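What follows is a short report on a single structure.
The values are calculated or read from the model by the stated rules, or taken from the named source; none is laboratory data. Values in this document were obtained by computation on a predicted structure and should not be read as measured data. Neighbour counts are summed over all protein chains in view; Cβ atoms, including those assigned to glycine, are modelled from backbone coordinates with ideal geometry. Ligands, DNA and RNA are excluded from the accessible area calculation, which covers all protein heavy atoms including side chains. Shrake-Rupley method; radii C 1.70, N 1.55, O 1.52, S 1.80 Å.
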Amino acid sequence: MVRLQIALPLFLVYLALSHRPGDNLLPNLVLGALIALGVSALLPGRSRPFNWRRFFPFLFGILRYASLVIVDMFKSAYNVALIVLDPKLPIRPGIVAIDSGCQSELATALSAHAITLTPGEMVVAIDEKGILYTHTLDINRSEEYAEDAQSLRRNLLSKIVE
C-alpha cells in the first residue's frame with residue numbers, strides 16, 4: 001500500500017509532463033505506470049504511511065520556504081553588489097556560528113543549503129551538534145540577521161521534514 005502511495009503521485013506527474021493532446025493515451029499510461037512502480041520499488045521503504053492531513057501544511061511550508069530562499073537570494077545579491085561596487089570595499093569577513101536547532105540531519109542540511117545559496121555567505125562546516133559555521137562577507141550584518149533568519153527557516157523546515 002505504501003508503494004502505491006508513492007507510485008500514484010509519480011504516475012500523475014509523469015502524465016502531466018509527458019502527455020500531449022493527440023497522442024495515443026494507452027501506451028503513455030502503461031509506460032507511466034511501469035516507470036512509477038519501478039521508481040517506487042527502488043526507493044527505500046517508509047516506516048509509516050503517507051499522512052494526508054500533513055499534505056497541505058507540508059505544501060504550504062515548502063512554498064513559503066522556497067519563497068523565503070528566493071527572497072534571501074535577491075536581498076543578499078543586492079547587498080553583495082553594493083559591497084563590490086563601493087570604491088572602499090567595506091567588508092569585514094569572518095566566520096559566524098549559527099545553531100541550526102533542527103532535530104533531523106535533513107533539516108540541518110537544507111538549512112545549510114539555503115544559507116550557502118545566498119550570495120556572500122557559505123557554510124564551511126557543520127559539527128555533530130548541528131552548529132553551522134558560516135563564512136560571510138560582512139560579519140556585523142550577519143550576526144544580527146543570522147538568528148532571526150535561522151529561526152524562520154527552522155520553523156518552516158519543521159513543517160516540511162517531520
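Under a Cβ-Cβ cut-off of 12 Å, what is the net charge of the residues other than Pro90 that fall near it, where Lys and Arg count +1 and Asp and Glu count -1?
Values: positive: Lys88, Arg92, Arg141; negative: Asp86, Asp138.
Around Pro90, the surrounding residues sum to +1.
Got a sec to turn the phi values of the stretch 91-104 into Karplus ³J(HN,Hα) couplings, 6.51 cos²θ - 1.76 cosθ + 1.60 with θ = phi - 60°, whole Hz, x for Gly and Pro?
Karplus-based 3J(HN,Hα) across the stretch 91-104 equals 10, 10, x, x, 10, 10, 8, 10, 6, 5, x, 8, 7, 9 Hz.
In whole Hz, with x marking every Gly and Pro, tabulate ³J(HN,Hα) for the stretch 21-32 from phi via Karplus 6.51 cos²θ - 1.76 cosθ + 1.60, θ = phi - 60°.
x, x, 6, 6, 6, 4, x, 5, 5, 5, 4, x
When the chain is modelled as a GNM with alpha-carbon springs shorter than 10 Å, which of Lys88, Lys75, Lys129 fluctuates the most?
Most flexible of the set in this elastic network: Lys88.
Using alpha-carbon pairs under 8 Å, 6+ residues apart, how would you state the relative contact order of the stretch 1-135 in percent?
Details: 105 pairs, mean separation 26.6, N = 135.
Normalised by residue count, the contact order of the stretch 1-135 is 20 percent.
Tell me, in nm to one decimal, what length is gained between Asp86 and Phe58 on full extension, where the rule is 0.36 nm per residue of separation less the Cα-Cα distance? Walk me through the numbers on the way to the answer.
Working: separation 28, 0.36 × 28 = 10.08 nm, distance 4.18 nm.
Stretched fully, the Asp86-Phe58 segment lengthens by 5.9 nm.
Once both labels are modelled 7 Å past Cα along the beta-carbon direction, what's the Ser151-Leu17 spacing in nm?
Between Ser151 and Leu17, the label points sit 3.9 nm apart.
Using Stokes-Einstein with the Kirkwood hydrodynamic radius over Cα pairs, what translational diffusion coefficient do you get for the chain at 4 °C and a viscosity of 1.567 mPa s, in µm²/s rounded to a whole number? Spell out each step's value before the answer.
On the way: Rh = 18.7 Å.
After rounding, the answer is 69 µm²/s.
Roll a 1.4 Å probe over the protein chains and send me the accessible area per residue for the stretch 1-135 in Å². Before the final figure, lay out each step's value.
Numbers: 9450 Å² over 135 residues.
Result: 70 Å² of accessible area for each residue.
With a 1.4 Å probe and every protein chain kept in, tell me what percent of the accessible surface of the chain is carbon plus sulfur.
In the chain, the share of accessible area belonging to carbon and sulfur is 68 percent.
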